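Q: Just passing along the structure, written as structure tokens.
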Amino acid sequence: MAYILTIETATKNCSVALAKDNTTIALKEFAGEGYAHAEKLHVFIDEIINAAGISYTTLDAVAVSMGPGSYTGLRIGVSAAKGLCYALEIPLIALDTLEILARAVSIESGIIIPMIDARRMEVYSALFTPQYKKIGDTQAEVLTESSYNHIEEPLHLCGDGAAKFAGIATNANVCLHQDIIYPSAAQMAQMAFDKYKISDIVDVAYFEPYYLKDFIAGKKQL
């Protein structure tokens with residue numbers, strides 16, 4: 001039996017869960033208009049541990065969403081995860097943010113396309129089968145009316161960038177899962193446990209989030 005703390009902070013959703021093997025047994029999350037991760041993340045972690053009636057030393061591993069996503073959000077989540085792993089001397093597991101988002105969609109056929117908003121008409125996206133196998137590479141792409149027109153299978157869109165494409169798409173096979181907006185730690189349990197069983201872990205000292213694009217600081221408004 002393994003207790004794995006899962007942390008997802010790649011978008012506006014600050015999400016923490018506790019998994020017992022491959023099952024989520026406790027969840028705490030908040031998605032606001034701004035990014036409140038710095039204020040809420042460690043509070044949520046404490047609340048999750050206390051609610052489960054365990055101590056930090058009971059944890060067997062920490063799994064963190066590795067990106068792509070918000071530069072600031074990813075830094076906060078990864079820093080917290082690395083700190084816990086270092087202090088507790090337990091392994092760190094890194095999980096693909098887009099796969100976490102895709103796993104909220106349950107379909108029998110078609111293609112799942114999680115989309116994380118990257119401003120204007122750009123999104124971070126990838127294609128997944130109904131079994132959550134990634135097809136091709138993660139992309140930072142600018143959406144157009146004809147994006148994905150080469151795919152004949154039904155397209156199942158999710159994420160905070162999906163509505164932008166659903167509004168302009170000329171592909172008739174587009175289905176928007178509008179209730180699935182942000183990735184959540186609730187979907188990380190199976191992914192984390194699968195990697196834990198085969199010791200698919202990352203180096204706590206050297207691991208960095210997968211930003212996909214270089215960070216560009218916004219100009220201060222005068």
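The values are calculated or read from the model by the stated rules, or taken from the named source; none is laboratory data. Because the structure is predicted, anything quoted here is derived from the model rather than measured. All Cβ positions, even for glycine, are placed from backbone atoms using ideal geometry, and neighbour counts span all protein chains on display.
Q: For region 184-205, enumerate the residues that are assigned to a loop (DSSP other than H, G, I, E, B) and over 18 Å from CYS14 (Cβ atoms).
A: The answer is ILE198, SER199, ASP200, ILE201, ASP203, VAL204, ALA205.
Q: Moving to a separate point now. Considering only residues that are among the aliphatic types (A, V, I, L, M) and either crowded, with 21+ Cβ neighbours inside 10 Å or under 15 Å from the mean Cα position of the chain (by Cα) (or both), which ones fall in region 101-141? Show your work before the answer.
A: Filtering region 101-141 for residues among the aliphatic types (A, V, I, L, M) gives 101-102, 104-105, 107, 111-113, 115-116, 118, 121, 123, 126-127, 135, 140.
Those that are among the aliphatic types (A, V, I, L, M) and either crowded, with 21+ Cβ neighbours inside 10 Å or under 15 Å from the mean Cα position of the chain (by Cα) (or both): LEU101, ALA102, ALA104, VAL105, ILE112, ILE113, MET115, ILE116, ALA118, VAL123, ALA126, LEU127.
For every residue, the table says whether it meets (1) surrounded by 13 or more Cβ atoms within 10 Å (Cβ to Cβ); (2) at pLDDT below 95; (3) closer than 17 Å to ASP194 by Cβ; (4) among the small types (Gly, Ala, Ser).
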site: MET1; (1), (2), (3), (4): no, yes, yes, no
site: ILE4; (1), (2), (3), (4): yes, no, yes, no
site: VAL16; (1), (2), (3), (4): yes, no, no, no
site: ASP21; (1), (2), (3), (4): yes, no, yes, no
site: LYS28; (1), (2), (3), (4): yes, no, no, no
site: GLY32; (1), (2), (3), (4): no, yes, no, yes
site: HIS37; (1), (2), (3), (4): yes, yes, no, no
site: ILE49; (1), (2), (3), (4): yes, no, no, no
site: THR57; (1), (2), (3), (4): no, no, no, no
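Q: Of the residues ILE90, ILE113, ILE100, which single one is aliphatic (A, V, I, L, M), assigned to a strand (DSSP E or B) and either assigned by TED's automatic domain parsing to the domain that holds ALA189 or touching a helix residue (DSSP H, G or I) at 6+ places or on another chain (Cβ under 8 Å) (or both)?
A: Unique residue meeting the criteria: ILE113.
Q: Name the single residue, out of those in region 142-163 being surrounded by fewer than 18 Cβ atoms within 10 Å (Cβ to Cβ) and charged (D, E, K, R), that is nearest to the chain's Cα centre (by Cα). I'd like the intermediate steps shown before the answer.
A: To start, the set of residues in region 142-163 that are surrounded by fewer than 18 Cβ atoms within 10 Å (Cβ to Cβ) comprises 142, 144-146, 149-154, 163.
Keeping just the survivors that are charged (D, E, K, R) gives 145, 152-153.
On the way: GLU145: 26, GLU152: 27, GLU153: 25 Å.
Per the criteria, the residue is GLU153.
Q: Continuing with this model, one more query. Suppose we filter GLY136, GLY110 for residues that are at positive phi, of a type outside the set (A, V, I, L, M, F, W, C) and in contact (Cβ under 8 Å) with a residue 60 or more places away in the chain; which single one remains?
A: One residue alone meets the criteria, GLY110.
Q: Something else now. Residues of region 119-142 being closer than 24 Å to ALA63 by Cβ and not in a strand (DSSP E or B), which ones?
A: Across region 119-142, the qualifying residues are THR129, PRO130, GLN131, TYR132, LYS133.
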